[in-house]
Amino acid sequence: MGIAVFCLFIVSCKDGKKKETATNNATKEITKENDSNFQITPIEHATAVFKWGNTTIYIDPVGGADMFKKQDEPDLILVTDIHGDHLNVETLEAINTKKTTIIAPQAVADKLSDNLKTKLTILNNDASIDFANIKITAIPMYNLREEAIKFHSKGRGNGYLLEKGGERVYFSGDTEDIPEMRALQNIDKAFICMNLPYTMTVKSAASAVLEFKPKQVYPYHYRGKPDVSDIAKFKQLVNDGNKDIEVIQLDWYPNASY
């Protein structure tokens with residue numbers, strides 16, 4: 001299966017302006033020629049919409065139904081954790097989920113309404129399930145630093161590994177550079193978080209990426225309080241360590257200057 005490359009946005013932290021480069025335009029033409037059936041639309045921060053063939057997948061849908069009014073209705077919703085930037089019951093209730101399966105860990109299940117629970121499949125760390133010819137595995141996500149364990153304890157939340165047609169896509173959720181991430185193999189696309197104090201540093205994220213060597217890495221979930229992670233530094237660290245890993249910047253904060 002061809003590897004899709006998406007419409008990319010380069011963010012300059014220095015001047016606060018978003019730019020689309022000529023390289024990106026050329027990339028879009030190559031993507032069209034390859035006719036890949038894997039697409040991703042970043043919504044905001046930790047929220048995204050995947051389309052893989054005829055299957056539409058929402059991950060961590062928050063922000064209200066209007067955030068998704070231009071998207072197809074979801075066949076599958078993946079929820080990683082209980083925090084408000086990953087789980088919002090009101091949003092889940094407002095989205096049209098008549099044909100939807102929700103996959104989430106037990107901690108998320110405990111917070112869902114009775115209506116949403118009728119659509120729910122609980123998937124805890126290390127378990128797998130098949131959905132529409134996509135194998136979905138729950139990868140642990142948790143903090144390592146003693147001062148940060150209170151944010152994400154081991155076993156509560158899920159990262160997700162999706163596999164179809166020989167392609168493997170990893171979505172980290174909120175985590176540090178845990179052994180389970182570093183041990184991943186043959187990853188085509190990796191979506192990696194990096195924001196303090198909740199997840200990990202740019203340096204830790206780059207170190208993990210250099211160890212498990214995905215073909216492409218997409219930094220996401222990089223807004224913190226009050227700082228925004230230095231994505232240019234992340235790209236530099238990754239490419240200095242392995243020039244074959246492609247770092248792809250999408251616009252995860254469409255209403256912000258970064």
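Using the alpha-carbon centroid of each, what span in Å lies between region 108-144 and region 48-100?
Centre-to-centre distance over Cα atoms comes out at 14 Å.
Under 1.5 on a/c is rounded, so check that first for region 121-258, then, if it is not, pick prolate when a/b is larger than b/c and oblate when it is not; a ≥ b ≥ c are the square roots of the alpha carbon gyration tensor eigenvalues. Please list the in-between numbers first.
Numbers: a/c = 1.57, a/b = 1.19, b/c = 1.32.
In terms of gyration-tensor shape, oblate.
Which percent, nearest 5, of DSSP beta bridges in the chain are antiparallel? Please report the intermediate quantities before stating the final value.
Numbers: 30 of 49 bridges.
DSSP beta bridges in the chain are roughly 60 percent antiparallel.
Arrange the peptides 114-122, 173-181 so that the one whose residues have, on average, the most other Cβ atoms within 10 Å appears first.
Listed from highest to lowest mean packing, they are 173-181, 114-122.
Only Cα pairs under 8 Å and at least 6 apart count here; give the relative contact order of the chain as a rounded whole percent. Display every interim value, and only then the final one.
Details: 565 pairs, mean separation 39.2, N = 258.
Relative contact order, the chain: 15 percent.
Shape verdict for region 99-142, please, from the Cα gyration tensor: rounded (a/c under 1.5), prolate (a/b greater than b/c) or oblate. Don't skip to the answer; put the middle values down first.
Details: a/c = 3.16, a/b = 1.18, b/c = 2.67.
Oblate is the answer for region 99-142, as a/c is 1.5 or above yet b/c matches or exceeds a/b.
Hey, what did region 31-141 get for relative contact order, percent, Cα under 8 Å, at least 6 apart? Working shown, then result.
On the way: 195 pairs, mean separation 18.8, N = 111.
Once divided by the residue count of region 31-141, the mean separation gives 17 percent.
So for the chain, taking the charge dipole from beta-carbon charges (+1 Lys/Arg, -1 Asp/Glu), which of THR47, ILE187, ASN242 sits furthest toward the positive end?
Going by the Cα projections, it comes out as ASN242.
Please pull out the direction-averaged projected area of region 146-202, using the convex hull of its alpha-carbon atoms, in nm² to one decimal place.
Its average projected convex-hull area is 4.1 nm².
Compute the Rg/Rh shape ratio of region 45-132: radius of gyration over Kirkwood radius, all on alpha-carbon atoms. Before the final figure, lay out each step's value.
Values: Rg = 11.9 Å, Rh = 13.0 Å.
Ratio value, two decimals: 0.92.
Looking only at region 162-242, where both bridge partners belong to it, what percent of the DSSP beta bridges are antiparallel (to the nearest 5)?
Numbers: 4 of 12 bridges.
That works out to approximately 35 percent antiparallel.
Taking all protein chains in place and a 1.4 Å probe, what share, in percent, of the accessible surface of the chain do carbon and sulfur account for? Show your work: numbers first, answer last.
Values: 5630 of 11780 Å².
Answer for the chain: carbon and sulfur cover 48 percent of the accessible area.
Can you tell me the FRET efficiency between LYS69 and LYS119 if r is taken as the Cβ-Cβ distance and R0 is 25 Å, rounded to the nearest 0.05?
Values: r = 20 Å, r/R0 = 0.82.
Working from the Cβ atoms, E equals 0.75.
With a 1.4 Å probe and all protein chains kept in place, how do TYR58, TYR258 rank by accessible area, largest first?
Values: TYR58 5, TYR258 55 Å².
Heavy-atom accessible area, descending, gives TYR258, TYR58.
Where does the chain land at 222 nm, in deg cm²/dmol rounded to the nearest 500, when only DSSP H runs of n ≥ 4 count, each adding -39500 (n - 2.57), divided by all residues?
Numbers: 7 runs with 53 residues, N = 258.
Result for the chain, helices only: -5500 deg cm²/dmol.
What accessible area per residue, rounded to a whole number of Å², is obtained for the chain using a probe radius of 1.4 Å? Please list the in-between numbers first.
Numbers: 11780 Å² over 258 residues.
Accessible area per residue: 46 Å².
Given a cut-off of 29 Å, name the pairs among LYS150/LYS243; LYS70/LYS203; LYS69/LYS135; LYS119/LYS203; LYS69/LYS117; LYS69/LYS189 whose C-alpha atoms lie farther apart than that in the structure shown.
Details: LYS150/LYS243 36 Å; LYS70/LYS203 36 Å; LYS69/LYS135 27 Å; LYS119/LYS203 39 Å; LYS69/LYS117 23 Å; LYS69/LYS189 26 Å.
Check vs 29 Å cut-off fails for LYS150/LYS243; LYS70/LYS203; LYS119/LYS203.
The values are calculated or read from the model by the stated rules, or taken from the named source; none is laboratory data. As the structure is a computational prediction, the values presented were derived from the model and not from experiment. Don't worry about glycine lacking a Cβ; one is built from the backbone with ideal geometry, like all the others, and counts go over all protein chains shown. Surface areas here come from the heavy atoms of the whole protein model, side chains and all, with no ligands, DNA or RNA. Shrake-Rupley method; radii C 1.70, N 1.55, O 1.52, S 1.80 Å.
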